[in-house]
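The values are calculated or read from the model by the stated rules, or taken from the named source; none is laboratory data. All values derive from a computational prediction rather than experimental measurement. A quick note on method: Cβ atoms are made from the backbone with ideal geometry, for glycine too, and the neighbour counts reach across all protein chains shown.
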């Protein structure tokens, strides 16, 4: 089987091997176990492999490099206007040569893929919609258009669209799904973390405006003002890093808030095991691996009420749902810190729920999708 992947994820090449963002590659390596050849249409614009990157394991990859594009300015929009026919033709050729078309959405490449796949109604297809599928959420026009095309059974045929959460208005194309980071072997016995001494918080994700790491820092700042002995470690990098460093310096909390940068999976795993809470104040999410991973390893999530997060946290039974009002959120966190029994109860519920979703189960479900 020839498996065609259409994605906006940036890639690099080192000694003839392709690499990209680790969580994405780890998942694609599972899909690739059940195919003979991969045709990969994506940008090839990474120059150095970082700790957060991983290599593909498949040995037969036909990489079709296309430029990244966007409509964020007049200049980039004009450039994109001239590139689109070329990129579209490359996607069309790749789809034509393939037995199974796999779209990674939402994204600019995903949008093109959604449109061009209409020309191949009889080919087997899957789409992974990694964003928020909630139709009531505010999202860019391109995202809404992708959802509409994928959901439309007249335009989009012979496809299974994998989405996070259960939504009432889904068509037969839509399949509620999940993702996984850890295996059955990772179900280790956890050491109980008491809410005594210095309490440690994590932020794991890109330091971008959408992930709102500043809000996580401000929560810790407020907890310090309330007399609590707390610290925050931020794992990630991004456009907001300098702004965050300046804020930390100006507020004189350098001894309580630490930016650790991008780290590998083992370092993050160790952090979940050692810390009490993970904060995820994102404006938008799909199935946030950070939350599922943290619960799997006994670290309690504090997250926003977006996408399927209320379901993942069972409306607060397995964590804390943020209102994005500092005073209210701080009081809610402080109240839990003062109730060790409730904290342990939430941890237990989170561990039990998250440990259903193992790599083994994930791979079984992927195999069914590819072999069907």
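Of all residues in the range 193-200, none are surrounded by 16 or more Cβ atoms within 10 Å (Cβ to Cβ), over 17 Å from residue 275 (Cα atoms) and in contact with a strand residue (DSSP E or B) (Cβ under 9 Å, 6 or more places away or on another chain).
Screening the candidates 197, 238, 210 for the property of being in the same structural domain as residue 343 (by TED's automatic domain parsing), over 20 Å from residue 284 (Cα atoms) and not in a helix (DSSP H, G or I) yields one hit, 197.
Look at residue 154 and say whether it is out of contact with any helix residue (DSSP H, G or I) (no Cβ under 9 Å at 6 or more places or on another chain), part of a helix (DSSP H, G or I) and at negative phi.
Against the criterion (out of contact with any helix residue (DSSP H, G or I) (no Cβ under 9 Å at 6 or more places or on another chain), part of a helix (DSSP H, G or I) and at negative phi), residue 154 does not qualify.
Inclusion of residue 29 among residues that are farther than 21 Å from residue 181 by Cα and surrounded by fewer than 17 Cβ atoms within 10 Å (Cβ to Cβ) is not warranted. In the set (1) in a strand (DSSP E or B); (2) modelled with pLDDT under 95, residue 13 fails one condition alone, (2). Scan the range 225-239 for residues that are surrounded by 16 or more Cβ atoms within 10 Å (Cβ to Cβ) and more than 14 Å from residue 260 (Cα to Cα) and the total you get is 2.
Answer yes or no: is there a residue in the range 204-213 that is over 23 Å from residue 23 (Cβ atoms) and either loosely packed, with under 15 Cβ neighbours inside 10 Å or without any contact (Cβ under 8 Å) to a residue 40 or more places away in the chain (or both). The answer is no, given that none of the residues of the range 204-213 is over 23 Å from residue 23 (Cβ atoms) and either loosely packed, with under 15 Cβ neighbours inside 10 Å or without any contact (Cβ under 8 Å) to a residue 40 or more places away in the chain (or both). Within the range 255-270, residues that are surrounded by fewer than 16 Cβ atoms within 10 Å (Cβ to Cβ) sit with their Cβ atoms under 6 Å from residues that are in a loop (DSSP other than H, G, I, E, B), at 6+ positions apart or across chains, in these pairs: 261/237; 264/51.
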